[in-house]
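Following: one structure in C-alpha cells, then a few remarks.
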Amino acid sequence: MLPKLEGYAAALLGALDEATLSTVVGQLASLERAVLAQPELHGMLSDTSLTGVVRGQVLREVLSGKVHDATLRVVIYAATAAPAQEVASAIGELAQVALVLDETGAFGQRSLGLLAARRRVAGYTDALLEDTATEEFARIEEELFRWARTIEENLELRRVLLDRDAPLGSRLGLLDQLLATKVAPVTLSIARYVIEGGRPRDVVGTLDFIVDYVALARNWRVARVYTARTLDDAARADLVRSLAALTGTDVELQVAEEADLLGGVLVEVGDVRLDASTRGRLAALHDSVSAGHFYESALNRND
C-alpha cells in the first residue's frame, strides 16, 4: 500500500467504532468487486489522462449518498493520491486492511524507509486536517515545531523517544504525560503517530517535515481573491466550487477589492495564480503586441 494511503487509512479507519467499521469493510469489498466487474469504472480510474483530483471528483459524484462518509473519504483519497494504474489495487488493499482491523482490532505498521515513513505520517496528517478549521493550522504548526525543539534540546527525552528497542507504550506514555494538557488534540494525535508510524531515529526530522507540510496545506486551504467589484453570494459560491474542483479540497476565500484591476478577479491559492482580471488581459495583450505576435488588420490589407 502507498505510504500516504496507509497513514490516511490508519487515521480514518482507526477512529471508527465497531459497527461503522464493519459497514465500511463491506462497502470497500463491494466497491473493489464493482471496479473489477465494470470496465467503464475501471477504465476511468486507470485513465492516465485524468488528474488525481478529477478521479476523486468523479468518485464523489458516483458514490455520494450511496456509501458511508468514511468509505467515501478513503476511496476518494485513494483515487487522488495513487497513480492511475494503481487506484484499483489501492482500493483492494484498503478493503483488506479494513478487514484485518475489523477482525483483530489492530492496524499493523510496516517497517518503511525514512522518506516513505514521513509520507505515511503526512497521510495520517491529511486525514486529521480534513476535519480541522483552517484557523487552527498555525497553532498546530507552532506546537509541533516547539515539540521538535524540546526533543532536540533534551538529551534524556531524546534518548527515550528515539530508542527503537523501548516499548512503544512507554514512549507514547511519556509523550502523553508531557503534551496531553498543553497542545491541541490534533497536535497530540500527530505527535503520537510520528512515534507510531515514523522512523524511531527520525522523530525530530519527521516533526519538522510535518510542520512544513501543514504550512503547505494551509496555503491550499485559503484562496486570496482580488476583485475590482464586490462579489455577491452567488459569485462567491461559484468561485468556492470551482476552486474546490481545482484543488480537491474545501477552500476558504479571503477577498480584497482592488479597483485598479478594472474588472474580473485575480486568485492566488497554493502555488497557483489565476489572473482573470481585465488588467491582466490587457497586460497579456500588451506583451503579445510588444513581442510582435499580432496580425495586420484585414481593413489595412491590399488583397
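The values are calculated or read from the model by the stated rules, or taken from the named source; none is laboratory data. These figures come from a predicted structure and were not determined experimentally. Positions of Cβ are backbone-derived with ideal geometry, glycine not excepted, and every protein chain shown enters the neighbour counts.
Please enumerate the residues belonging to the stretch 33-53 that are under 21 Å from T247 (Cα atoms) and in a helix (DSSP H, G or I).
Correct list: M44, L45, G52, V53.
For the stretch 89-135, what are the residues that are surrounded by fewer than 16 Cβ atoms within 10 Å (Cβ to Cβ), over 21 Å from the mean Cα position of the chain (by Cα) and either of a type in the set (A, V, I, L, M, F, W, C) or under 13 Å from I210 (Cα atoms) (or both)?
Passing the criteria: V100, A106.
Criterion first (of a type in the set (G, A, S) and assigned by TED's automatic domain parsing to the domain that holds L188) does A122 satisfy it?
On the way: of a type in the set (G, A, S): yes; assigned by TED's automatic domain parsing to the domain that holds L188: yes.
For A122, the condition - of a type in the set (G, A, S) and assigned by TED's automatic domain parsing to the domain that holds L188 - is met.
Could you tell me whether any residue of the stretch 151-162 is within 21 Å of the chain's Cα centre (by Cα) and without any contact (Cβ under 8 Å) to a residue 60 or more places away in the chain? Outline the logic, then answer.
Going through the stretch 151-162, the residues within 21 Å of the chain's Cα centre (by Cα) turn out to be none.
No, every residue in the stretch 151-162 fails to be within 21 Å of the chain's Cα centre (by Cα) and without any contact (Cβ under 8 Å) to a residue 60 or more places away in the chain.
Looking at A90, A116, can you tell me which residue is at pLDDT below 95 and closer than 15 Å to Y8 by Cα?
Numbers: A116 fails: at pLDDT below 95.
Answer to the selection: A90.
When you go through R201, R224 one by one, which is the residue that is out of contact with any Lys or Arg (no Cβ under 9 Å at 6 or more places or on another chain) and touching a residue at least 12 places away in the same chain (Cβ under 8 Å)?
Numbers: R201 fails: out of contact with any Lys or Arg (no Cβ under 9 Å at 6 or more places or on another chain).
After ruling out the rest, the residue left standing is R224.
Name the pairs: first residue in the stretch 18-32 and farther than 8 Å from A95 by Cα and assigned to a helix (DSSP H, G or I), second residue of a type in the set (S, T, Y) and at pLDDT 95 or above, Cβ to Cβ under 8 Å, at least 6 apart or on different chains?
Within 8 Å, the pairs are T23/T71; V24/T71; Q27/T71; L31/T71.
Looking only at the stretch 222-240, which residues are among the β-branched types (V, I, T) and outside any strand (DSSP E or B)? If you could, list the steps in order and put the result at the bottom.
Here is the first cut: in the stretch 222-240, the residues among the β-branched types (V, I, T) are 222, 225, 227, 230, 240.
The answer is T230, V240.
List every residue pair whose Cβ atoms lie under 9 Å apart, where the two residues are 6 or more positions apart in sequence or sit on different chains, the first residue falls within the stretch 36-49 and is more than 19 Å from A81 (Cβ to Cβ), and the second residue, located anywhere, is outside any loop (DSSP other than H, G, I, E, B).
L36/H42; L36/A88; L36/G92
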